[in-house]
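The values are calculated or read from the model by the stated rules, or taken from the named source; none is laboratory data. Because the structure is a prediction, the values reported are computed rather than measured. We place every Cβ from the backbone using ideal geometry, glycine too, and count neighbours over all the protein chains shown.
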């Protein structure tokens, strides 16, 4: 029974830690309105190493508002988290594809 309680407590602490470890800022500069925005999690390894930085992404957004492709500019440790979040973003519908610039700032 004690080991079950320990597992529950540790799981709760880890999930709280993950929720608190999000990128500090995100920004979209483009003509289309963002209707779903996902904040990337600050990677555990990057936080342990006190890494900070900004990841810039150039997303081509389809007519339906979903991400089609993403061009990346930034460091490899922080990029995966930014890419995962950016793929979940959604913009309002349009009559043509657009290119949206995203910027995620990570600070320990």
Requested in this report: Output the residues belonging to segment 76-92 that are farther than 14 Å from residue 103 by Cβ and touching a strand residue (DSSP E or B) at 6+ places or on another chain (Cβ under 9 Å).
Outcome: 77, 84, 87, 88, 90, 91, 92
Requested in this report: Can you work out which of the residues in segment 70-105 that are exposed (fewer than 15 other Cβ atoms within 10 Å of the Cβ), assigned to a strand (DSSP E or B) and touching a residue at least 40 places away in the same chain (Cβ under 8 Å) is nearest to the chain's Cα centre (by Cα)?
Outcome: 101
Report summary line: residue 108 fails exactly one of (1) part of a strand (DSSP E or B); (2) loosely packed, with under 14 Cβ neighbours inside 10 Å, namely (1)
Query raised in the report: Quick one: which strands (runs of 3 or more DSSP E) sit completely within segment 20-69 and have at least 1 residues that are at pLDDT 85 or above, in contact with a helix residue (DSSP H, G or I) (Cβ under 6 Å, 6 or more places away or on another chain) and under 13 Å from residue 84 (Cβ atoms)?
Result: 53-61
